[in-house]
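Reviewing the structure listed below.
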Amino acid sequence: MKWFPGYNFILASKSPRRQQLLNSLGIEFQVKTKEIEENYPENLRKEEIPVFLAELKSKPFLSVLKENDLLITADTIVWFDGLVLGKPRNEEEAIGMLQKLSGNEHQVISGVCITSSNKQKSFYAVSNVRFKKLTKKEINYYVSEFKPFDKAGGYGIQEWIGVIGIIHIEGSFYNVMGLPIQKLYEEIQKF
């Protein structure tokens, strides 16, 4: 038996974590991506940013969706001290981000957009995450060994730094990985 029979699911994400999470729902899906500039208006705050970007990622697909297609697009940001921590461009940026997060709480916010040929629904999920005070050695080891340059905030919760460094999480663990899968399941049912 297939969950949500009748739909042809498309995940517009290269993220292996998002693919793994969607797979865990028992949904068969195709991965299709289109390159876009991930820019957003400067006046957007917090959860508005990943929702805007998730919707932006759906736009190149709008003209090609068939009647039974269901497109899933998503974006995740780390929000700390009133600022977005995106994906670090290099080792120095990744180390700097982890130094900021060390000993502090931040928010991980994912925006998700579900799009069919005739409607669209967007939502977001927020998780609060607290790191212990990380040592310089721990941060340097993680960045050099795991190269977290494709991860918002410069870390993956499922990786070494999450295992040794995260002391508290409030909200969805999977949201911190990049896709609030339980909420997505509920939203697909309502869609």
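The values are calculated or read from the model by the stated rules, or taken from the named source; none is laboratory data. Since we're looking at a predicted model, the values are computed, not measured. Virtual Cβ from ideal backbone geometry, glycine too; neighbours counted across all protein chains shown.
Could you list all residues from region 25-42 that are of a type in the set (A, V, I, L, M, F, W, C), part of a loop (DSSP other than H, G, I, E, B) and either over 18 Å from Lys14 (Cα atoms) or under 18 Å from the mean Cα position of the chain (by Cα) (or both)?
Those that are of a type in the set (A, V, I, L, M, F, W, C), part of a loop (DSSP other than H, G, I, E, B) and either over 18 Å from Lys14 (Cα atoms) or under 18 Å from the mean Cα position of the chain (by Cα) (or both): Leu25, Ile36.
So, in region 172-191, of the ones that are of a type in the set (Phe, Trp, Tyr) and more than 23 Å from Ser116 (Cα to Cα), which residue ends up farthest from the chain's Cα centre (by Cα)?
Here the answer is Phe173.
Do you know which of the residues in region 137-154 that are exposed (fewer than 15 other Cβ atoms within 10 Å of the Cβ) and touching a Lys or Arg at 6+ places or on another chain (Cβ under 9 Å) is nearest to Ile77 (Cα to Cα)?
Only one residue fits best here, namely Asp150.
Would you mind stating whether Leu22 is surrounded by 14 or more Cβ atoms within 10 Å (Cβ to Cβ) and either out of contact with any strand residue (DSSP E or B) (no Cβ under 6 Å at 6 or more places or on another chain) or charged (D, E, K, R) (or both)?
It is false that Leu22 is surrounded by 14 or more Cβ atoms within 10 Å (Cβ to Cβ) and either out of contact with any strand residue (DSSP E or B) (no Cβ under 6 Å at 6 or more places or on another chain) or charged (D, E, K, R) (or both).
Taking only region 155-168 into account, find how many residues are under 19 Å from the mean Cα position of the chain (by Cα) and surrounded by 17 or more Cβ atoms within 10 Å (Cβ to Cβ).
So the answer is 6.
Residue by residue through region 166-188, note down the ones that are in contact (Cβ under 8 Å) with a residue 60 or more places away in the chain, assigned to a helix (DSSP H, G or I) and of a type outside the set (Lys, Arg).
Across region 166-188, the qualifying residues are Tyr174, Asn175, Val176, Met177, Ile181, Leu184, Tyr185, Glu187, Ile188.
In region 111-147, which residues are touching an Asp or Glu at 6+ places or on another chain (Cβ under 7 Å) and part of a loop (DSSP other than H, G, I, E, B)?
Ser116, Ser117
Against the condition within 19 Å of Leu184 (Cα to Cα) and surrounded by 18 or more Cβ atoms within 10 Å (Cβ to Cβ), how does Lys57 come out, does it pass?
For Lys57, the condition - within 19 Å of Leu184 (Cα to Cα) and surrounded by 18 or more Cβ atoms within 10 Å (Cβ to Cβ) - is met.
Here's a check for you: in region 67-80, which residue that is modelled with pLDDT of 95 or more and more than 26 Å from Asn104 (Cβ to Cβ) is surrounded by the fewest Cβ atoms within 10 Å (Cβ to Cβ)?
Asp69
Can you tell me which condition Ala94 does not meet? The list is (1) in contact with a Pro (Cβ under 7 Å, 6 or more places away or on another chain); (2) closer than 29 Å to Gln189 by Cα, and all the others hold.
Only one criterion is unmet by Ala94, namely (2).
Of everything in region 43-99, what is closer than 20 Å to Ser13 by Cβ and assigned to a strand (DSSP E or B)? Give them in sequence order.
If the condition is that a residue be closer than 20 Å to Ser13 by Cβ and assigned to a strand (DSSP E or B), then Asp69, Leu70, Leu71, Ile72, Thr73, Ala74, Asp75, Thr76, Ile77, Val78, Val84, Leu85 are the ones that fit.
Kindly provide the set of residues from region 63-113 that are charged (D, E, K, R) and either in contact (Cβ under 8 Å) with a residue 12 or more places away in the chain or on the phi > 0 side of the Ramachandran plot (or both), ordered by number.
Lys66, Glu67, Asp69, Asp75, Asp81, Lys87, Arg89, Glu91, Glu93, Lys100, Glu105
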